[in-house]
Amino acid sequence: MSADQTSWDAAVRHLYRDATAYIATGPRRHEDWTLDVLDLMARAVPDPRGWARVDDAEEDPERAGSPTWPFAVHPQEYVASRLDEIDRDSAENLLLALTEGGCTLANLQYFTESPDELRAMARTVLARYGDEATYHTNVSKTGSAPGTLDFTLEALGYSPMSVFTEDCGLVVVSDTEVGMFWNLNDL
């Protein structure tokens, strides 16, 4: 499956329309892709394809003094230690869980589309990065198998990267691009 700009932009805008989200993709310029994540947090790189970016904090006055806001300024080691690799199925579920606060698949109830239609949108989003992409998250709803997330768990654990009370996200890494999908929630 591949994604074109129209379908990818539509999926991103629809899925995250009610979230306080930061969705951005940048070029992968470093072997250590966490350096590319820092560039994305600082909004220092454009989308290499010119596709949609969602930045709900873009006009916030807090940004005047800090271009990374609401992400806190962290060294690469801090970011790297908080992002664990997960499998593609978990990444697909995480994209759907990030559509509202709380990082849960119960968020799907707020859409008029069926779960299958929403999953198709999540697959469209991931298709941009190809079949060889890797997926990384700061969420710790650890499943029974290594590298999986279990969204039946009630408890939400995550390693914060922002100044918000809750921030959960997914980083997608391909050979040429790094994408960030983040939900920021100030409870």
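The values are calculated or read from the model by the stated rules, or taken from the named source; none is laboratory data. No experiment lies behind these values; they were computed from the predicted model shown. Positions of Cβ are backbone-derived with ideal geometry, glycine not excepted, and every protein chain shown enters the neighbour counts. For accessibility, only protein heavy atoms count, side chains too; no ligands or nucleic acids. Shrake-Rupley method; radii C 1.70, N 1.55, O 1.52, S 1.80 Å.
Take residues that are surrounded by 18 or more Cβ atoms within 10 Å (Cβ to Cβ), free of Cβ contacts under 8 Å to residues at least 60 places away in the same chain and within 14 Å of the chain's Cα centre (by Cα) and tell me which of the helices (runs of 4 or more DSSP H) falling wholly in the stretch 1-102 contain 1 or more.
Working: elements: 5-15, 34-41, 76-82, 88-97.
Filter on the stretch 1-102 gives 34-41, 88-97.
So, in the stretch 155-169, how many residues would count as being open to solvent by 10 Å² or more (accessible area, probe 1.4 Å) and in a loop (DSSP other than H, G, I, E, B)? It would help to see each step written out before you state the result.
Filtering the stretch 155-169 down to residues open to solvent by 10 Å² or more (accessible area, probe 1.4 Å) leaves 155-160, 162-166.
Then keep just the ones that are in a loop (DSSP other than H, G, I, E, B); that gives 155-157, 159-160, 163-165.
Of the residues in the stretch 155-169, 8 are open to solvent by 10 Å² or more (accessible area, probe 1.4 Å) and in a loop (DSSP other than H, G, I, E, B).
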Matching residues, the stretch 160-177, being more than 19 Å from Glu62 (Cβ to Cβ), out of contact with any Ser or Thr (no Cβ under 7 Å at 6 or more places or on another chain) and of a type outside the set (A, V, I, L, M, F, W, C): Ser174, Asp175, Thr176
Those residues of the stretch 115-127 which are at pLDDT 95 or above and either open to solvent by less than 10 Å² (accessible area, probe 1.4 Å) or not charged (D, E, K, R) (or both) amount to Leu118, Ala120, Met121, Ala122, Thr124, Val125, Leu126, Ala127
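Only one of these is of a type in the set (Val, Ile, Thr), farther than 17 Å from Ala19 by Cα and either modelled with pLDDT of 95 or more or open to solvent by less than 30 Å² (accessible area, probe 1.4 Å) (or both): Thr152, Thr134. Name it. Lay out the reasoning, then the answer.
Working: Thr152 fails: either modelled with pLDDT of 95 or more or open to solvent by less than 30 Å² (accessible area, probe 1.4 Å) (or both).
Unique residue meeting the criteria: Thr134.
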